[in-house]
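Participant: To start, I am sharing the structure in question, which I have written as structure tokens.
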Amino acid sequence: MIKKLIKHKNIILIIITILIIRSFIIEPFRIPSGSMIPTLLPGDFILVNKFCYGIKIPIINKKILNINKPQKGDIIVFIHKNKKKYIKRIIGIEGDKLEYKNKKLKINNIKIKNKKLSKNIDIDKMFIIETVIYKEFLTPQKEYNIQKYENIENYNTDIEIEIPKNSFFVMGDNRDNSEDSRAWGFVNEKDLIGKAIIIWGSIDLDNYIIRKDRIIKKIK
């Protein structure tokens, strides 16, 4: 009887520990779409650091402790206006004047540099798609890869805005195939869940094959 009680007690402690970790420290998230290609692929399983920006009370989502401010270049998971969880990259923070025209990005009147890395031509249902991978230099400390479709016009309206207080302008790394702040506006700081930090596993959803090269991979 005593052994059973101890066993049940240990199980309860394990469950409580998992709930605490998930609520305050680390939360798993699966990449559902291709909006963050080439950085994140559909079928990637990632971990989100919920502690790095501060501590929030679950359910009511009220912050009780500030730790770090989100930075330009961070990949964040947040609650969208439709109550679903989204993942995008922070491109601009409060006070930034941001301009996006003809697929060119400017922040505070400074053109963000891109370096072409590769180009690939695919034929999809008799339509030619020119996919180009660039390295984007958002800040002197932050660089990462993005993807553009060179022969497809930007589907979003060109924009020129100033980012308000406690808000962020986010975009997908797959610039021509991402519904983001260009379409539906800013992300408010209160809606942040956390920062994406690591890919712990990945499955090719078309072929149901494990992508071994993406296991335990730091997210840039």
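The values are calculated or read from the model by the stated rules, or taken from the named source; none is laboratory data. Quantities reported herein were computed from a predicted structural model and do not represent experimental measurements. Note that each Cβ is placed from the backbone with ideal geometry, even for glycine, and that neighbours are counted across all protein chains shown.
Participant: Given the structure, is D213 out of contact with any strand residue (DSSP E or B) (no Cβ under 6 Å at 6 or more places or on another chain), surrounded by fewer than 14 Cβ atoms within 10 Å (Cβ to Cβ), farther than 27 Å from P164 by Cβ and touching a residue at least 60 places away in the same chain (Cβ under 8 Å)?
Facilitator: Values: out of contact with any strand residue (DSSP E or B) (no Cβ under 6 Å at 6 or more places or on another chain): yes; surrounded by fewer than 14 Cβ atoms within 10 Å (Cβ to Cβ): yes; farther than 27 Å from P164 by Cβ: yes; touching a residue at least 60 places away in the same chain (Cβ under 8 Å): no.
When the stated conditions are applied, D213 does not pass them.
Participant: List the pairs whose first member sits in segment 26-37 and is free of Cβ contacts under 8 Å to residues at least 40 places away in the same chain, whose second member is hydroxyl-bearing (S, T, Y), and whose Cβ atoms are under 9 Å apart, counting only residues at least 6 apart or on separate chains?
Facilitator: That search, which allows pairs on different chains as well, returns S33/S178.
Participant: Which residues, counting only those in segment 170-183, are of a type in the set (A, V, I, L, M) and outside any helix (DSSP H, G or I)?
Facilitator: As a first pass, look at segment 170-183 and keep what is of a type in the set (A, V, I, L, M): 170-171, 183.
Correct list: V170, M171.
Participant: Specify the residue that is farthest from I91 (Cα to Cα); the eligible residues are those in segment 114-160 that are modelled with pLDDT under 90 and aromatic (F, W, Y).
Facilitator: If we take residues in segment 114-160 being modelled with pLDDT under 90 and aromatic (F, W, Y), then F127 is farthest from I91 (Cα to Cα).
Participant: Suppose we filter E160, E150 for residues that are of a type outside the set (S, T, N, Q) and touching a residue at least 40 places away in the same chain (Cβ under 8 Å); which single one remains? Spell out how you get there, then give the answer.
Facilitator: On the way: E150 fails: touching a residue at least 40 places away in the same chain (Cβ under 8 Å).
None of the other options fit; the residue is E160.
Participant: Next up: Could you check how many residues of segment 184-214 are in a loop (DSSP other than H, G, I, E, B) and within 18 Å of the chain's Cα centre (by Cα)? If you could, list the steps in order and put the result at the bottom.
Facilitator: Quick first cut of segment 184-214, residues in a loop (DSSP other than H, G, I, E, B) only: 185-186, 205-208, 211.
Now drop any that are not within 18 Å of the chain's Cα centre (by Cα), which leaves 185-186.
Number of matching residues: 2.
Residue-wise test of (1) part of a loop (DSSP other than H, G, I, E, B); (2) modelled with pLDDT of 65 or more; (3) buried (at least 16 other Cβ atoms within 10 Å of the Cβ); (4) small (G, A, S).
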{"position": "T17", "(1), (2), (3), (4)": "no, no, no, no"}
{"position": "S35", "(1), (2), (3), (4)": "yes, yes, yes, yes"}
{"position": "P42", "(1), (2), (3), (4)": "yes, yes, yes, no"}
{"position": "I46", "(1), (2), (3), (4)": "no, yes, yes, no"}
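Participant: Is it fair to say G92 is at pLDDT 95 or above and of a type in the set (G, A, S)? Break it down into steps so the answer makes sense when it comes.
Facilitator: Numbers: at pLDDT 95 or above: yes; of a type in the set (G, A, S): yes.
Spelling it out, G92 is indeed at pLDDT 95 or above and of a type in the set (G, A, S).
Participant: Identify, from the list K218, K190, the residue that is under 30 Å from K69 (Cβ atoms) and either among the acidic types (D, E) or in contact with a Lys or Arg (Cβ under 8 Å, 6 or more places away or on another chain) (or both).
Facilitator: On the way: K218 fails: either among the acidic types (D, E) or in contact with a Lys or Arg (Cβ under 8 Å, 6 or more places away or on another chain) (or both).
Answer to the selection: K190.
Participant: Enumerate the strands (runs of 3 or more DSSP E) found wholly within segment 64-169, keeping only those where 3 or more residues are more than 21 Å from the chain's Cα centre (by Cα).
Facilitator: Values: elements: 75-79, 85-93, 97-101, 104-107, 113-124, 127-139, 142-149, 159-162.
The strands (runs of 3 or more DSSP E) meeting that bar are 113-124, 127-139, 159-162.
Participant: Of all the residues that make up segment 165-184, how many are small (G, A, S) and at pLDDT 95 or above? It would help to see each step written out before you state the result.
Facilitator: First, pick out the residues of segment 165-184 that are small (G, A, S): 167, 172, 178, 181, 183.
Now narrow it down to the ones that are at pLDDT 95 or above: 167, 172, 181.
Total meeting the criteria: 3.
Participant: Evaluate the following for D180: is it surrounded by 15 or more Cβ atoms within 10 Å (Cβ to Cβ), in contact with a Pro (Cβ under 9 Å, 6 or more places away or on another chain) and not hydrophobic (A, V, I, L, M, F, W, C)? Step through it out loud before you land on a result.
Facilitator: On the way: surrounded by 15 or more Cβ atoms within 10 Å (Cβ to Cβ): yes; in contact with a Pro (Cβ under 9 Å, 6 or more places away or on another chain): no; not hydrophobic (A, V, I, L, M, F, W, C): yes.
Considered against the rule, which asks whether it is surrounded by 15 or more Cβ atoms within 10 Å (Cβ to Cβ), in contact with a Pro (Cβ under 9 Å, 6 or more places away or on another chain) and not hydrophobic (A, V, I, L, M, F, W, C), D180 comes out as no.
Participant: Do you know which residues across segment 97-129 are exposed (fewer than 12 other Cβ atoms within 10 Å of the Cβ) and among the acidic types (D, E)?
Facilitator: D122, D124
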